[in-house]
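Just below is one structure, and these are the notes that go with it.
Laboratory data are not the source of any read-out in this text; all were calculated from the coordinates shown. Treat the numbers as computed from the prediction; the structure is a model and nothing was measured. Reconstructed Cβ throughout: ideal geometry from the backbone, glycine too, with neighbour counts over all protein chains shown.
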Amino acid sequence: MTKADMMALMPLIILAGGSVLVLLAGAVRPGGYLYGLAITVVVSALAWTIAVPATVVMPGLAITPFARFFAVFLDSAGLVALLMATGYNKRRGIVGEEYPATLLFALAGMGAACAASDLLMLFLGLEAFTFAFYLLVAIERDSVRGGEAGLKYLLNGTLSAAVLAMGIALVYCSRGTLRLSELARQPASLEPLFLAGVCLILVGLAFKLSLVPAHLWTPDVYQGAPAPVTALLSTASKGASVAAVLLILPLMAGWRGGHDILWCLSLATMVCGNLAALVQTSIKRLLAWSSVAQMGYVALAFVALPAGGGRAAIFYVVAYAAAGLASFGAVSILSDGSDRDAIEQYRGLGYRNPLAGAVLAVALFSLAGIPPAAGFMAKFAVFSAALRAGEIALAMVGVLTALVAVFFYLRVVVALYMRPVDGAEAAARRLTGSEALALAIPTLVTVVMGVYPSPLLDLLARIMG
Amino acid sequence: MEQTLFYILAGVAVIGTILAITEKHPVHAILYLVTSLFSIAVIFYLLMAPLVAAFEVILYAGAIMVLFLFVIMMLDLGHPEKGVSPHWREWLPALALVGVSAACLAIVIVARHGSTASPAAASLPIREVARHLFQDHGLAVELISLQLLFALVGALYLGRQK
């Protein structure tokens, strides 16, 4: 490994070394300072990724502009989740070094998955962060729901890992290589074994993206996990999985069947996700089903890949991640202490806790795709890519389901700003600095991306070009 | 001949795994899993990978399964059949599966060492295996080792008594 390789790999090394450092520091002296240490590690990895532009290809990993963009995106999401968790975990009695250390490890795994240049590294990266989430989801040992969610995620996750590994084995069996660049070179006719392998890989990734019909774990896990973990699980892990799909899709570029599979996945996900979200009464389950539905639009962008769908997919997932982090962050603050979960219980909270209420409202506007929030630009990018690719029917379904979605998102906003039933309630506690920052960053990103999206779109065009 | 042996061993592995899944008694299930892993080890030997075959037996069929048994014994799940030594008929399927694998292994060894003709493919020396593992896949090894560390952390955290 040369010095240039080390320089390019440094963000991953910082994250991985930082996770071990936090574990060791926690063993010597436990305390709240570990979160500060973890935040420092993430910030330094983030700063290094932005400051040192390096393009290096080594066995297994390729640090490309694509990988660096995703590293910045995922590390920022991790940073916001850590800021959110600092206060939340203290209130909920989640102590110990395990939480920040595992979160850092998850970020390292995601970075490896996005920078993978062969299927082995892709698999290991994906499984590394999924593995970290098995622990994070069940981190609240006292809560019954947390343990149940952890077990459900573990069982579903191992099944998807088995499917993914089987797919990779079949691909290797048919071509004799795992390198993505070599696999993307299409021969005249695609072997059935190779196609079977790619399809199995796609099924494994569909689980991670919770595309219908591989979505069944999503509502239970999102509801059972602590809110900051759900925030990260529903955004960063989705982002890393989108990167993985974008790395896999060139393998089946010339195959009509691949397009049809994605088409069906997208249709089923948009319809099922939005319809199921309509009937939810718990806010976490509503957000979970909404995240299923949102991934349907990302799948629509995958269908439109030849017409700039890759750019639209990344833009969409960044906009979704900002809104998702903001909404789960606001929910974790609003549900403070008492386990507020039913939408009814959120009546009037917008007055009681104005900042968190406003952040939740903006995030929901963005998820619903109402301008000027980022969600509108993201939906616009996806639908226009779909129309350019000639997917008129699917784009129509997308627009219709997005209209349905407006109803259930606005239902929460209306509840937030209705008069509370029992009149005057005690004033909410003041937000701590880290909580305010964790709410402000994703909200600012949401607003800026919605008002002025062209810099990011240009950047993505350069990366995907 | 090697192809026939491969299919026999693959069949043994699949049957062993199915029995391991369907068996209700955890200790019996582990024994079936050991038979399945043993036949896979013989398959690796057949594929000119004696090192992987040895690892398979030592690590999977040996260490990990002993650990499983150890944990089950420690948890002491309280079985009604505890203390009753199993009937010889209960041993039969596992013994038959291992017997088939062992017979295949014997046939391969005799065929390879008995004939004077050099084999078509030579097995990779350990030095080469190590070079591939740590030079081409060094980063993957690092990532896996970190993952194992966090598996340990997770098991400790979730298993800790309040």
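Some values worked out for this structure:
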{"read-out": "Length added when fully stretched, A:K90-A:L24, from 0.36 nm per residue minus Cα-Cα", "value": "21.7 nm"}
{"read-out": "Point-to-point label distance, A:L410-B:L51, nm (Cα→Cβ direction, 7 Å offset)", "value": "6.6 nm"}
{"read-out": "Cα gyration tensor shape of chain A, rounded if a/c is under 1.5, else prolate or oblate by comparing a/b with b/c", "value": "oblate"}
{"read-out": "Sites A:L459 and A:A184, calculated FRET efficiency, Cβ-Cβ separation with R0 30 Å, nearest 0.05", "value": "0.80"}
{"read-out": "Dipole magnitude of the protein assembly as shown, debye to nearest 20 (Cβ charges: Lys/Arg +1, Asp/Glu -1, about Cα centre)", "value": "900 debye"}
{"read-out": "Length added when fully stretched, A:V451-A:E148, from 0.36 nm per residue minus Cα-Cα", "value": "105.0 nm"}
{"read-out": "FRET efficiency for A:R419 and A:T281, using Cβ-Cβ distance with R0 set to 22 Å, rounded to 0.05", "value": "0.65"}
{"read-out": "Spin-label model distance (nm) - A:S44 vs A:D260, 7 Å beyond Cα toward Cβ", "value": "5.4 nm"}
{"read-out": "C-alpha center-to-center spacing [the stretch A:283-321, the stretch A:51-104] in angstrom", "value": "21 Å"}
{"read-out": "Inter-site label distance for A:A165 and B:M1 at 7 Å from Cα along Cβ, in nm", "value": "3.3 nm"}
{"read-out": "Cα-based equivalent ellipsoid of the stretch B:1-83: semi-axis lengths in Å, sorted from largest, via gyration tensor", "value": "28, 15, 6"}
{"read-out": "Computed [θ] at 222 nm, helices only, for chain A once each DSSP H run of length n ≥ 4 contributes -39500 (n - 2.57)", "value": "-25500 deg cm²/dmol"}
{"read-out": "Förster-model FRET efficiency, 30 Å R0, A:Y33 and A:V72, C-beta, rounded to 0.05", "value": "0.70"}
{"read-out": "About the Cα centre, charge dipole magnitude for the stretch A:1-126 (Lys/Arg +1, Asp/Glu -1 at Cβ), debye", "value": "360 debye"}
{"read-out": "Rounded Å value of the spacing that divides the Cα centres of the stretch B:139-162 and the stretch A:207-241", "value": "21 Å"}
{"read-out": "Karplus (6.51, -1.76, 1.60) ³J(HN,Hα), θ = phi - 60°, over the stretch B:142-159, in Hz, Gly and Pro reported as x", "value": "4, 5, 5, 5, 5, 5, 5, 4, 6, 4, 5, 4, x, 4, 5, 5, 6, x"}
